[in-house]
Amino acid sequence: MVIIKAEPEPLPIDLARTALIIIDMQRDFLEPGGFGETLGNDVSLLARAVGPCRKVLDAARAAGMLIIHTREGHRPDLTDAPIAKVERGKPSMRIGAPGPMGRILIRGEAGHDIIPELYPVHGEPVIDKPGKGAFYATDLDALLRNFGIQYLLVCGVTTEVCVNTSVREANDRGYRCVVLADCCASYFPEFHEMGLAMIKAQGAIFGWVSSAQHLLEILPAQKMVLTA
Ligand code: TIU
């Protein structure tokens, strides 16, 4: 066990039972012309999370940790998209409408894919999720259990939407979540702060909050020998 500096208190974690999960670092949320912008947001506010995520991703790869990426999006025929989700916003800017990066939030389109800086490599599972939470209607829980995972290091966007929803789902399933604050971002800086505050309040009611630097301090520089 190693101890990661975190709030509300340091947390002992078993790195052999830990996975890094990077939530929805997709062009649709981070680049102009995608879903995030159609919702009326300034997507440049999410760029701050990319550098810290990259450092964590490199270190986790070097340590041989399980790394999972998620993407929010829907089937091209929209059969997995609730009408209630699709019909929000102007019709020309809804999920499935054509945009500069292809159809908005549709699997297989350029905008749906992960940004080049954080692109998955061979052996890193990608979970395609139709909702905000990474566990809803996906095989993420089965995958984590197959690897004996008990701890999740959580990065991604946006802090109060998909990161928070996924952390709450994970917490209820028995995973200890450590959210890396500088590896997350929101279109609303105040929601980022409150999203993190909600997670760590009441003695880590949903999880712990730490940082890229604190994780780098405890990750081994060489690949871990993982045993079942
Ligand atoms: N709109 C917003 O802040 N987020 C989302 O719709 N999805 C994710 O957070 N990935």
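The values are calculated or read from the model by the stated rules, or taken from the named source; none is laboratory data. Model, not experiment: these values are computed from the prediction. Quick reminder, even Gly has a Cβ in these numbers, built from the backbone with ideal geometry, and neighbours come from all protein chains shown. What goes into the accessible areas is simple: the full protein's heavy atoms, side chains included, and nothing from ligands, DNA or RNA. Shrake-Rupley method; radii C 1.70, N 1.55, O 1.52, S 1.80 Å.
Observations
- Within the chain, the longest run free of exposed loop sites, counting trypsin sites (Lys or Arg not before Pro) that sit outside DSSP helix and strand states (H, G, I, E, B) and have at most 16 other Cβ atoms within 10 Å, spans 6-87.
- A crude spin-label estimate for the pair residue 128 and residue 39, with each label 7 Å from Cα along the Cβ direction, gives 2.1 nm.
- Candidate residues 192, 122, 214: accessible-area rank, largest first, probe 1.4 Å: 122, 214, 192
- Segment 104-202: radius of gyration over Cα atoms, expressed as a fraction of 2.2 N^0.38 Å: 1.10
- Hydrodynamic radius by Kirkwood, which averages 1/r over all alpha carbon pairs of segment 153-197, in angstrom: 10.2 Å
- Rounded to the nearest 20 debye, the dipole magnitude of the chain is 260 debye, with +1 charges on Lys and Arg beta carbons, -1 on Asp and Glu beta carbons, and the Cα centre as origin.
- Using alpha-carbon coordinates, inclination of helix 189-204 to the longest axis of the chain, degrees: 40 degrees
- Angle between the chain longest axis and helix 50-63 axis [Cα atoms, degrees, rounded to 10]: 50 degrees
- Our estimate of slack between residue 77 and residue 213, defined as 0.36 nm per intervening residue step minus the Cα-Cα distance, is 44.7 nm.
- Accessible surface computed residue by residue for the chain, with neighbouring protein chains in place and a 1.4 Å probe, gives 45 Å² per residue.
- Span from the segment 164-228 Cα centroid across to the segment 8-42 one, whole angstrom: 10 Å
- Panel values: the chain, Kirkwood radius from alpha carbon pairs, Stokes-Einstein at 20 °C and 1.002 mPa s, translational diffusion coefficient 122 µm²/s.
- For segment 67-109, the Cα gyration tensor yields ellipsoid semi-axes of 18, 13, 9 Å (square root of five times each eigenvalue, largest first, whole Å).
- Bridge type composition, the chain - antiparallel percent by DSSP, nearest 5: 20 percent
- Those GluC sites (Glu not before Pro) in segment 26-119 that DSSP places in a loop and that have at most 15 other beta carbons within 10 Å: 87
- For the set 5/129; 85/129; 5/132; 85/200, the pairs lying more than 20 angstrom apart at their alpha carbons are 5/129; 5/132; 85/200.
- Using alpha carbons only: equivalent-ellipsoid semi-axes of segment 36-109, gyration tensor based, whole Å: 30, 16, 10
- Once the Cα-Cα distance is subtracted from the 0.36 nm per residue extended length, the residue 93 to residue 221 segment shows a gain of 41.6 nm.
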